[in-house]
Amino acid sequence: MKPAADVLKDLVQPSNISIHSSSALVGSVDAAAAEDDKAREEKELDQLRRKPELRPIPAKELDRTVQLTPWDVLHTLGQGIALSRRGASRGLAEHWGSLKYSQALAGSINSFMTLSAEGRETADYYKAIQSGELGTGFALTLARQLLSRRYPDHSVSIVPADTALRAGWALTSRDAGHRSGYRYRPQFFAEIWKPGEAPRVLPIACKGNHSNAAASHTQLASASAHVEAVHIGPWNETPALVFSTELPTEGVLTVHALHARGTGGRLTDSMDAPDTRLDHRLEDANNFPGIQPPAEGERKPESQLGFHVQPEHYAWFRQVLARTAAAGLTAFAGDGAATAQYLTKRQGQRHFADPTHAATDSVQDANQRLLDIDLAPTTCSASTGPGSRPSPGSRTTSSATSRKAASSSTARKSTPSGRAGPSWPGIRSGTAPYPSTRTALCSPCGCCHRPEGPHGRCRSLEARGRHQGRG
């Protein structure tokens, strides 16, 4: 067995990732979609509605070779699945979801990343899970990078789409309300936001395989149907990102990626609505499922399968995204009680309100030093005492804090070599500019324990609402 110190060093070893996004890829995906449509027609299945006009991602937004460490990917994966309710142990399944791949990837600064020997030896019936989860980690890491380039000086939050959509729609027979019955949905939303501006939201679909480029073409054709299932604003104007990560057992890892542009996805109206302050508790809505095409003259077409966030939903959806992002960070840090307050019943509030497994919710005032990086635990600050909770008026975590921390895997301190060290799940670097996720808030307005965040602004949910003109 490899010594733990060597495993940690491998996790922060940068390697090159090959990115494929070209006009040729668009053509291959279109051909795969046409072949799938033909097969569905022969089986007398309904035709899928796919995202029109997928395009290559400009190289200025996403380099064709990117350097990442395995920990960049696993950290992002761990955050992405924190609300996924993968097991009944209140966080252990999600925590293990990223750590089980701690020796699955290999590479060096002068080579391209591949599956390690251990990653290649995964049992066959786990390979689909492995490729899907690692594909999610790579996709979200790269999505955050390219959106940060596309929208400089903005924060990027990654929000699980199923959790967000459940606040307004019934997704399965277990959910109360009008059920869509449509199984195609994006896996995530990216919210690009900046205080004082209306946020932009775009769906993300991510897949992975252990096969070859042809399998990725088929996966991207399917992913285009997943992102098309959510419209935000006008018909066919919602931008989107689709990824398929090729993880061959022999050869280098390649991420295939395309995007769709559009004028939709911007949550612009009712910025000053007093009843949608981000700190206000959210209740399940019962929006009727379906996407409404534009009227043709005096005739109103039938709605299409999917989910439509229309202008009258914008203020509500901003609140959903903010509170779901905050819940994701507190779940990632292991605080079930803090997580439950941000979720609705359909979103899984009860799952996090139930007793938490001791291994995921321990309060330990212990500091660690790993790879010459000083790390502080996510325990309550001394201002309220360990284990105590602030009043409802001052939240346990701030949405802006959670969004900035969740959108960055670079809360780091320089190592002796001069390269940035990792940001570890559930803990924050002692020199990071963000408060610990359980840092108590120190004033009724919800200002965080540290008075200023990265942009010199108060970092609480309520304060962010004021910066956006909501109070």
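The set of residues in region 151-168 being open to solvent by 10 Å² or more (accessible area, probe 1.4 Å), more than 10 Å from F189 (Cα to Cα) and in contact with a strand residue (DSSP E or B) (Cβ under 8 Å, 6 or more places away or on another chain) consists of Y151, H154.
Matching residues to (1) in contact (Cβ under 8 Å) with a residue 40 or more places away in the chain; (2) over 25 Å from D6 (Cβ atoms); (3) in contact with a Cys (Cβ under 6 Å, 6 or more places away or on another chain):
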| site | (1), (2), (3) |
| --- | --- |
| R50 | yes, yes, no |
| I57 | yes, yes, no |
| T65 | yes, yes, no |
| V73 | yes, no, no |
| I81 | yes, yes, no |
| A117 | no, no, no |
| T122 | no, no, no |
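If you go through region 281-300 one residue at a time, do you hit one that is touching a Lys or Arg at 6+ places or on another chain (Cβ under 6 Å), open to solvent by less than 20 Å² (accessible area, probe 1.4 Å) and modelled with pLDDT under 90? Looking for residues that are touching a Lys or Arg at 6+ places or on another chain (Cβ under 6 Å), open to solvent by less than 20 Å² (accessible area, probe 1.4 Å) and modelled with pLDDT under 90, one finds at least one in region 281-300, hence yes. The residues of region 348-357 that are at pLDDT below 75 and open to solvent by less than 70 Å² (accessible area, probe 1.4 Å), listed by number, are D354, T356. Annotation: R174 fulfils all but one of (1) at pLDDT below 95; (2) part of a strand (DSSP E or B); (3) of a type in the set (K, R); the unmet one is (2).
State yes or no: is R120 more than 29 Å from A260 (Cα to Cα) and open to solvent by 40 Å² or more (accessible area, probe 1.4 Å)? Yes; evaluated as a whole, the condition is true for this residue. Just to be sure, is T136 modelled with pLDDT under 90 and either within 18 Å of the chain's Cα centre (by Cα) or closer than 30 Å to A5 by Cα (or both)? When the stated conditions are applied, T136 does not pass them.
Residue check: is I129 open to solvent by 10 Å² or more (accessible area, probe 1.4 Å) and part of a helix (DSSP H, G or I)? Here the answer is yes, as I129 does meet what is asked. Only one of the listed residues (S102, S21, S111, S28) is open to solvent by 30 Å² or more (accessible area, probe 1.4 Å), closer than 30 Å to G306 by Cβ and among the hydroxyl-bearing types (S, T, Y). That residue is S28. Just one of (1) of a type in the set (A, V, I, L, M, F, W, C); (2) within 30 Å of A117 (Cα to Cα); (3) open to solvent by 60 Å² or more (accessible area, probe 1.4 Å) fails for L253. It is (3). When restricted to residues that are assigned to a helix (DSSP H, G or I), crowded, with 24+ Cβ neighbours inside 10 Å and touching a residue at least 24 places away in the same chain (Cβ under 8 Å), region 186-238 contains 8. Among the residues that make up region 16-23, is at least one of them under 23 Å from A139 (Cα atoms) and free of Cβ contacts under 8 Å to residues at least 24 places away in the same chain? For region 16-23, residues under 23 Å from A139 (Cα atoms) and free of Cβ contacts under 8 Å to residues at least 24 places away in the same chain: absent. Looking across region 31-69, the residues that are part of a helix (DSSP H, G or I) and either out of contact with any helix residue (DSSP H, G or I) (no Cβ under 7 Å at 6 or more places or on another chain) or open to solvent by less than 40 Å² (accessible area, probe 1.4 Å) (or both) come down to A31, A32, A33, A34, E35, D37, K38, A39, R40, E41, E42. None of T141, T172 is of a type in the set (S, T, Y) and free of Cβ contacts under 8 Å to residues at least 24 places away in the same chain except T172.
The values are calculated or read from the model by the stated rules, or taken from the named source; none is laboratory data. Just so it is clear, the model here is predicted, and its values are computed rather than measured. Here Cβ is always computed from backbone atoms with ideal geometry, including for glycine, and neighbour counts include all displayed protein chains. Heavy atoms of the whole protein, side chains included, go into the accessibility calculation; ligands, DNA and RNA do not. Shrake-Rupley method; radii C 1.70, N 1.55, O 1.52, S 1.80 Å.
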